[in-house]
Every structure is written in C-alpha cells, then in structure tokens.
Amino acid sequence: MVIFPEAKILEIDLTSGTINRKTLPGEIYRLYPGGSALGLYLMMQDYIPGTEALDRGNVLVFSVSPLTGLPISGISRMNVTARSPLTGTAGDSQSGGFIASYLKMNGWDAIVFKGKSQKPVYLVIDGNKAELKDASHLWGKVTGEVESSLQDELGDKNIEVAQIGPAGENLVKYACIINKCSRANGRNGMGAVMGSKNLKAMVVKKGRPMVAADTEAFMALARSSRKRLEENEGVAGLGLNGTDGDLEGFSDSGFLPTRNWKTGYFPEGATNITGTTMYETVLKERDTCYACAVRCKRVVEIPGRVDPVYGGPEYETCAALGSYCGVTDLAEVCEANMLCNMYGMDTISCGATISFAMECFEEGLLTSEQAEGLDLKFGNGAAVNALVKKIALREGLGDLLAEGSARASEKIGGGSEKFSMSVKKQEMPAHMPQYKPAVGLVYAVNPFGADHQSSEHDVFLVMPPDSRERERLSKLGIWKGYDNPYELDAEKVRFALDTQKYFSVLDSLSLCQFVWGPSWELYGPDELLELCRAGLGWETSLYELMMAGERRINMMRQFNAREGFTAADDTLPARLFEPFTDGPAKGIHVDRDAFEAGKKLYYEMAGWDPQTGNPTAATLKKLSLDWLL
Amino acid sequence: MGETKRISITLNHKPCEIDAGMTVSELLSFKGFPKSVAVFVNKTPLLMKTYPTYELKEADTVIVFRPLGGG
C-alpha cells in the first residue's frame, strides 16, 4: 500500500513578513486531496467566523494537488480559496495555465497568505526558497506591464506570475487573479482579497518535472490522448473552435442569454461572435495549458486594437460581454476581454453587471447624467468597453458597478433588483436554467453562487444509452434518458447532486473538467482512477473520490452556515420563471413548483436540514467533518 | 441510370427533402451535424449503433439534438 504523500505548505504572514514551512500529514491530506478541498481545509484552520472578506483576517490560499505537474492533459489547474467579497460565502476559483504545475514542481501543495502587508509586495518562489519583495513600483500597472517588468527584474523569462491588476488593487468585488495575462481565477472576487492584503503578485520559477509512480502505465495513459482526440469530436471541436464553438448553437436553440437574459435568442449577433467566426477572423493561434493536448485556449489579435498577450475570449466572455449586452461586434468583445485581463476582472460578472446597468438605463432607472454621457443602450460595445475601464478604476458610475449588480441594485432602487441576474450576489454564467434546469438547481444551491462548472449539464442525459456520454455517466449512477433537457424531476436532482460531487473532486484534484469530466470529455471516470494509481500509486476508488467531493461541498456549506446563510439564499432570479416571449424557446421557463420541490429533495439527498439547507450533524460526521461541529 | 428517388421528411421542425434510402448517419453528414448527437425518429430515440443502418422513410419526423456546452 502506498502511503498518501504529505502536503507541503508555505505559510506567509504578510503583516510580519515571516514565512513558515509546514507539512500536513498524508492521512489528513487524503481526506482533502488538494485544490479546493485542501485550500478550504487550510483556510478554515485560521479563519475566524465573522471576519469580513476584505479584512486582514481573511485567509487566502493557493493550492494544487498531488497529481499536479504530471505530464498529461488537463492536469494544471490552480485553485484559490478565501472568503469571497462578492458572495460573502466560502470563495473558490480555478484557473488553467502552467503556474499550478510550476508550484508543484517546486515542491509545494499550497501557499497560505495571512494578514496584510503595510506596502505592496510580491512573493517569489524558487524551490525551497521563498521571498517577499517590494511591489510599490508595480502597483497601478496593468497585468502585461507587470509580467514583463517581473521577467526583467528577476532576469528570467521562464517564470509564471499570478497577479492582480488595478481592479484587484481597487477592491472591485469581482476582481480576479490573472496568470499568463490571460488565465483567470475569475470568479468570487479572489483578486480583491489579494488586493486587500497589498499582495500584487506571486511569482513561481520553473522546477523539476514530476515523475509518475508507475511510469510505463502513466505514459500509456498520457500517450492515448492523441487517439482519444481523434475519436472524440466534441473535445477535438473544443480544441479547434475553443469554448465559444457552440455560442451560435445556443442562440439557434433559443438559449443564449441576451440583453440581460430578457431573451435567449440573438440572431442579429450570434454568428458574429461565435467560435468559428473567431477562428476564421481574429484568431492568431491556439494556446494550451501545461502538457495539454487539447489546446482550447484562444489567442486573438487585432492590430492596433487587441494585443495577443492577453489571450482571447472564452464562450462565457463572448456571452457576458457580447450577447448579455447586445453587442454584435466580435472586435468589441475581444477588446473588452483584453481590458478585463489587463485590469484583472472576471469577465462574467463584469459583463453581467454592465448588462444590468444597460437594462436600468433603458428602463429609466439610471439617467444619462449618472451614466456620465455614455449611451448605455444594449448593443453599444464602445460604451461597454468604456465602462469596463471605469469599473476597474472605480471612476464615476464604475464605482457603483464595481460592487456587482446585486449591491448596485440596492443603491439604484426602483425595483432594479429584478434586473440583477445573480445568485448569492454572483452573476450567472451563460448556461440558461430554462435549458438546463439541473444546472439551474446547482446555481441555486451551490455554496459559492451560480457556477456552470460545478455539475454535469442536463443535455447529456438526452444522449442515447450507448453513447460515450451515457456509458461514462453510468459509472456514477444509472439515470433514465430524456427526450429533451427541460425537465426537472427526482432523477435530475440526483444527477445534479452526484455529478456535483464528481466535479467537486475534480476541483480538489486540480484537474480540468473538459479533460477529466464524467461524460463527453477526453478521459472518463475509469481513467481518473488509473491516473491516481499510475500517477501517484494511489489505489483509490470512485467511492473514496466521490466522498472527497461531497466533503468539500459540505465544508463550504458549513462555512456558509456559520456566516448566516440559509435555504433562503438558494434562489434563482425571478426572470427565469417567466416564459420566453420570443425565439425558438418561446414559452419555455423554469417551473417554479418543480424547482422548489427539487431543492427540497436535493437537501434531503444531500443530508442537509430541509428547513435551513445546512448540513446536519450526522452528515458532517459521516464525512469525517466532526471538527466543524 | 434512373434518377434517385427523393423523399420528404421533417427535420427539427422544418421540411427537408433527402434521397430515398438515406441513413441517419448519412443525414447527419449531409446536414453537417456532428456524430455525437441524439436522434429521435417519430419521437422514438435511436441507439447510436443504429445510425449507420437506420434508413429514413417518407414523412418521418426527425429530431436531431446536439448537446451544447462551453465554459
């Protein structure tokens, strides 16, 4: 039997400037096997309940997993955990790139930041060495400038930099953490937490490559990616056209969030901003994460306007800064994406908050004077891009919108709260619950607000029983098939919960969900077990992994319970319960009775109190979480 | 050689004319759909393994469902 490795942790007290090296025993690490679970465990050791997200007492954790850095596709995701300033819940966000692998190559599983530095600093990690350096000269600079400055300053082009832009410095509630100037720990405002600590960046030098426990078996698994790509047109299409490849299909089906979710139909703009158009027009190259064969990342270039240093827009970005705002011009969307990456903001919350403002403007709740002369009508891409900068710098109306749509609506009043398309104050990503009601249920109950990467999507239960998708899903549970995705019944509730546990363990093992997910992806659940065995010598089971995923969800939920969150916070915006009035999906809506019944059943299946929606003592004990009682 | 006989079907709620004897796989290719889709003929779901051999008939109502993702 292989002993689970211990976790190696760097703990930085930014107040005193001291750096400690700690280890977490393998028997504990195995319960929280990296990424989000490890980050949450470490954060909750030191976080005092009631601490505000932007207070120095908040604890910020970067974490990876024992698998990170092995040379195989989808292995390099970096997790960031802290209390979220946007939602007030346990906060959590993952990003791709190379930095996660570099961190592990230097020997570290987690970096814990506590306290607050008196002046701006950045951390440099080089093997066992870690040093805080003055970042005063970097404060106020955009991400591209900072990355370039740090490369020059440290005399090393092979560094990876996770940093905040001016938005994080200005404590924009949905500021993100950017690496490679184009990969974001986007959601939950983790960049604002970093800014509140005067921490500008974390630099990681390249380390020694990781070696698998069973090299031969591991390499067989890694080398199979080429054949798998040839045989899996879904993943191959993802590589070719990026995550934005289906945008036009969403509109054609009537489920592309458009003009602040008033409709799902965007015939006037969908073709312009879909992934195939991006491929044919502004794509400079396809980019990748460490050791990944898929190459789904975009790099776009529009000379004189959009710098390829800042990558290119994902589907969520094209929707949030495109169709949400009624913007039909791909160049405007690419520019908005670049600005968000320069200033360091989550493109989803940023676009959705601007679309909220546009609806307020069109409904007369925001005046031209408040908009400072900007014509905030849907479709005005130039106004969107002007607002992106104002938000990052907290100028004028941007200062209000930097708080997110839910808090902004409290100030604007006049019934504007119904225009905030958010859950737990986090703006919704571009998968409509009318189309995917199980995803909608997870939007509502998810501990850190609406998230589309927290469970498998309903549509795969429409696939035939002999499809790859259904075959793989059967490893997690047997579900009946559907002839459309729109229903929410008991089967779908179980689907939502069980696939949520699986996605939760992927976020813990720091794996990419497009490569290691449970249905259409490059590798399936069987290969995940093989990865753990061959990569680490860890003879695990799906049962153990699913329990780890469930443990993470319950830790978050218990964190939230301590902060006063209840079932009343597990809601969806009212607009989703109203039938579409146009487009191919006309008449379709989330059935409120089915949603409420589904939520109640979800609580019961999850072992949560049906009244409060919080984990029962028995559930926490079942998951070895007695220490949270 | 005689002309290929044509038949009329309904595809995703729209009328469509195809060659008689066309299989589901051929229809998917002809219309540019990916292979990983769900197909319902006259409301009956088909197994994927039947796509290459299932021949469509006059007046069939065909629904092709493509699961949409993105991130």
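Within the range B:6-65, DSSP assigns beta bridges of which about 85% are antiparallel (rounded to the nearest 5). One decimal place: the segment A:K475-A:Q118 gains 123.4 nm when fully extended, by the rule 0.36 nm per residue minus the C-alpha distance. Mean residue ellipticity, 222 nm, helices only, chain A: the sum of -39500 (n - 2.57) across DSSP H runs of n ≥ 4, divided by residue count and rounded to 500, is -11500 deg cm²/dmol.
Each Cα pair under 8 Å and six or more residues apart adds its separation to the average, and for the range A:132-285 the resulting relative contact order is 14 percent. Centre-to-centre, using Cα atoms only, the range A:116-178 and the range A:423-463 are separated by 33 Å.
Normalised by the empirical 2.2 N^0.38 Å for globular proteins, what value does the Cα Rg of the range A:7-204 take?
Working: Rg = 15.0 Å, N = 198, 2.2 N^0.38 = 16.4 Å.
For the range A:7-204, the normalised Cα radius of gyration is 0.91.
Grab the other residues whose beta carbon is less than 12 angstrom from that of A:K119, score K and R as +1, D and E as -1, and report the net. Once positives and negatives cancel, what remains is +3.
Computed over every Cα-Cα pair of the protein assembly as shown and binned at 10 Å starting from 0, the pair-distance distribution P(r) comes out as 3, 16, 27, 28, 18, 6, 2, 0, 0 percent. For chain A, averaging the sequence separation of C-alpha pairs within contact (under 8 Å, six or more residues apart) and dividing by the residue count gives a relative contact order of 15 percent. Per-residue shielding of A:475-485, expressed as the average number of other chain Cβ atoms within 10 Å of the residue Cβ, stands at 2. For a paramagnetic label modelled on A:E280 (point 7 Å from Cα along Cα→Cβ), amide N atoms under 17 Å away belong, within the range A:220-249, to A:240-242, A:244-249. Note on A:S148 and A:K377: the model spin-label points, each 7 Å out from Cα along the C-beta direction, lie 3.8 nm apart. Using the alpha-carbon positions of the range A:207-295, Rg (one decimal) and Dmax (whole number) come out as 18.0, 54 Å.
Listed from fewest to most Cβ neighbours within 10 Å, the set A:H589, B:H13, A:H431, A:H457 follows the order B:H13, A:H589, A:H457, A:H431.
For a test of the definition: using alpha carbon positions, the gyration tensor, and the 1.5 limit on a/c, classify the range B:6-65 as rounded, prolate or oblate. Can you show the working numbers first?
Values: a/c = 1.38, a/b = 1.27, b/c = 1.08.
Note, shape of the range B:6-65 comes out rounded.
For A:E52, A:E395, the sequence from fewest to most other C-beta atoms within 10 Å is A:E52, A:E395. Among A:C340, A:C292, A:C181, the order by Cβ neighbours within 10 angstrom, fewest to most, reads A:C292, A:C181, A:C340. Shown is the FRET efficiency for A:K600 and A:D483, computed with R0 = 22 Å from the Cβ-Cβ distance and rounded to the nearest 0.05: 0.30. Structural descriptor for the range A:461-517: relative contact order 27 percent, calculated from alpha carbon pairs under 8 angstrom and at least 6 residues apart.
Considering only the range A:113-226, what is the antiparallel percent among its DSSP beta bridges, to the nearest 5? Please report the intermediate quantities before stating the final value.
Details: 15 of 20 bridges.
The antiparallel fraction comes to roughly 75 percent.
Read the figures in this text as sums done on the coordinates, not as results from a lab. Just so it is clear, the model here is predicted, and its values are computed rather than measured. Heads up, the Cβs are rebuilt from the backbone with ideal geometry, glycines too, and the neighbour counts pull from every protein chain shown.
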